[in-house]
Amino acid sequence: MLPHLLRNAIAEAVLRKRVRKDKIYLTFDDGPDPVHTPRILDTLKQSGIKATFFVVGEAADKHKDILRRIHNEGHSIGSHSQTHMHAWKTLPWTSYGDIRKGMASLAEHGVESKLWRPPYGKASLQTLIYSLRENKDLAYWTGDPQDYDPSNSASSLQNWLNEHATPGSVILLHDGRRTQEGGKNVTPDALEAYFNQTDIPSRSFAAL
Ligand SMILES: [Zn+2]
């Protein structure tokens with residue numbers, strides 16, 4: 001396990017390098033998903049917004065067309081490992097291999113990326129070694145509305161975004177199935193409602 005302070009220092013270094021103080025960064029983990037990702041892409045396209053997707057390798061292997069769409073529509077893509085292993089509950093070399101495989105799988109689909117985010121945000125010594133050895137940027141977040149929590153509805157998530165998606169923030173959201181029970185995901189609805197509000201276009205968004 002990586003001490004919290006060290007993890008935070010690394011995370012901050014990467015965010016400082018990539019994050020502008022006048023932009024809002026929406027990030028989507030755990031996809032591509034055949035239902036949720038296209039809906040989110042539609043909303044982003046209609047609003048002219050670029051965002052960042054941290055994709056799971058095995059989902060990208062299954063839904064190459066959606067990965068291609070994310071790429072073609074100008075969003076940033078980062079890796080979120082191959083099978084979403086929890087670094088603290090897996091043997092170190094196993095999780096290391098899974099992280100490497102996730103990035104290799106993106107490359108196989110023609111997506112070269114320097115960005116990655118560990119599953120569950122769990123950092124370990126392997127996380128650090130991987131980032132340093134392979135020169136990859138470990139990308140955390142500054143705001144987490146917990147869209148995977150079943151007590152969250154689309155409107156509570158929309159309200160959270162109104163209040164907390166402020167310039168300079170990196171927001172953790174999910175487009176995958178690893179969300180609420182039964183594959184339910186309130187994020188596409190919340191995002192659509194959020195961007196349909198009249199005052200949102202004055203906010204400025206960017207991809208990592
Ligand atoms: Zn995840």
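Filtering region 42-78 down to residues that are assigned to a loop (DSSP other than H, G, I, E, B) and not hydrophobic (A, V, I, L, M, F, W, C), which residue is least open to solvent (accessible area, probe 1.4 Å)?
Checked region 42-78; the qualifying residue least open to solvent (accessible area, probe 1.4 Å) is H75.
Condition check: in a helix (DSSP H, G or I), within 16 Å of the ligand (Cβ to nearest atom), without any contact (Cβ under 8 Å) to a residue 60 or more places away in the chain and surrounded by 14 or more Cβ atoms within 10 Å (Cβ to Cβ). Does S81 satisfy that?
In short, no.
Go through (1) part of a helix (DSSP H, G or I); (2) hydrophobic (A, V, I, L, M, F, W, C); (3) closer than 26 Å to R18 by Cβ one by one and return the number of the condition A193 breaks.
Tallying (1) part of a helix (DSSP H, G or I); (2) hydrophobic (A, V, I, L, M, F, W, C); (3) closer than 26 Å to R18 by Cβ, A193 fails exactly one: (3).
Given the options G110, G102, G74, G57, name the one that is over 17 Å from Y130 (Cα atoms) and touching a helix residue (DSSP H, G or I) at 6+ places or on another chain (Cβ under 8 Å). I'd like the intermediate steps shown before the answer.
Values: G102 fails: over 17 Å from Y130 (Cα atoms); G74 fails: touching a helix residue (DSSP H, G or I) at 6+ places or on another chain (Cβ under 8 Å); G57 fails: over 17 Å from Y130 (Cα atoms).
Unique residue meeting the criteria: G110.
Looking at region 12-41, which of its residues are within 16 Å of the ligand (Cβ to nearest atom), open to solvent by less than 10 Å² (accessible area, probe 1.4 Å) and either free of Cβ contacts under 8 Å to residues at least 60 places away in the same chain or part of a helix (DSSP H, G or I) (or both)?
Result: T37, I40.
Out of region 115-142, which residues are of a type outside the set (S, T, N, Q), away from the ligand (no atom under 16 Å from the Cβ) and not in a helix (DSSP H, G or I)?
Those that are of a type outside the set (S, T, N, Q), away from the ligand (no atom under 16 Å from the Cβ) and not in a helix (DSSP H, G or I): E134, K136, D137.
Checking N159 against (1) open to solvent by 10 Å² or more (accessible area, probe 1.4 Å); (2) polar (S, T, N, Q); (3) at pLDDT below 95, only one condition comes out false. Which one?
Status for N159: all satisfied but (3).
The values are calculated or read from the model by the stated rules, or taken from the named source; none is laboratory data. All values reported here derive from a predicted model rather than from experimental measurement. Methodologically, a virtual Cβ is constructed for each residue, glycine included, from the backbone with ideal geometry; neighbour enumeration extends over all protein chains shown. Side chains are part of the model used for accessible areas, which takes the heavy atoms of the whole protein and leaves out ligands, DNA and RNA. Shrake-Rupley method; radii C 1.70, N 1.55, O 1.52, S 1.80 Å.
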